[in-house]
1. Could you work out the local net charge near Val18, counting Lys and Arg as +1, Asp and Glu as -1, over the other residues with Cβ closer than 15 Å to its Cβ?
2. Can you show me the helix-derived [θ] at 222 nm for the chain, built from DSSP H runs with n ≥ 4 at -39,500 (n - 2.57) apiece and divided by the number of residues, rounded to the nearest 500.
3. Equivalent ellipsoid semi-axes for the range 37-106, as square roots of 5 times the alpha carbon gyration tensor eigenvalues: give them largest first, rounded to whole Å.
4. For Asn22, what residues show an amide H to amide H distance below 5 Å, using hydrogens built from the backbone and excluding near sequence neighbours?
5. Taking a cut-off of 16 Å between Cα atoms, list the lysines near Lys102, but don't count ones fewer than 8 places away on the same chain.
6. Starting from the amide H of Arg113, placed 1.01 Å from N in the peptide plane, find each other amide H under 5 Å away whose residue is 5 or more places distant or on another chain.
7. Over the alpha-carbon set of the chain, divide Rg by the Kirkwood Rh and report the Rg/Rh ratio to two decimals.
8. Only Cα pairs under 8 Å and at least 6 apart count here; give the relative contact order of the range 9-127 as a rounded whole percent.
Amino acid sequence: MLKTGILNPQINSLLSRVRHTNMLVIADRAFPFWPMIETVDISVVDDLPTVLQLIAACRANHNFTQAIQAKEFLKNISSVTDAFAYALEGVPTTFEPHTSFKQRVPHAIGLIRTGDTTQYANTILISG
């Protein structure tokens with residue numbers, strides 16, 4: 001039995017298949033379903049869990065070297081964007097139009113859907 005780290009077996013399985021240059025999408029509650037990629041839905045209620053919580057949990061045991069977010073995310077209040085910058089500290093983050101962001105999704109290893117209500121909180125993490 002696992003005692004620390006990510007306890008969810010589906011997320012552990014998904015993360016174990018993320019290799020060099022592979023992408024993992026961590027999405028908010030409103031993100032569209034993509035039938036062509038594995039999706040682990042861990043949404044419970046609004047903001048439980050959040051994208052930030054998942055980023056922190058995944059970064060604890062995985063080497064992500066790049067992040068991508070929608071340019072529209074930058075319209076959020078500074079406390080939100082600052083929290084994401086802190087969570088992604090040391091990981092270069094690229095911002096692109098949300099339509100371009102969504103075009104990357106089918107190429108990801110998988111997607112974890114959260115209960116996050118933050119607009120455009122969706123984040124693609126690229127493994128190093």
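1. +3
2. Counting only the DSSP helices, I get -7500 deg cm²/dmol.
3. 18, 16, 15
4. Residues meeting the amide H criterion: Ser127.
5. Lys102 reaches Lys71.
6. Ala27, Val40, Asp41, Ile42
7. Ratio of gyration radius to Kirkwood radius: 0.93.
8. Relative CO of the range 9-127 lands at 53 percent.
Bear in mind that the values in this text are calculations on the coordinates, not laboratory data. These numbers come from a predicted model, not from an experiment. Neighbour counts run over all protein chains shown; Cβ positions are idealised from the backbone, glycine included.
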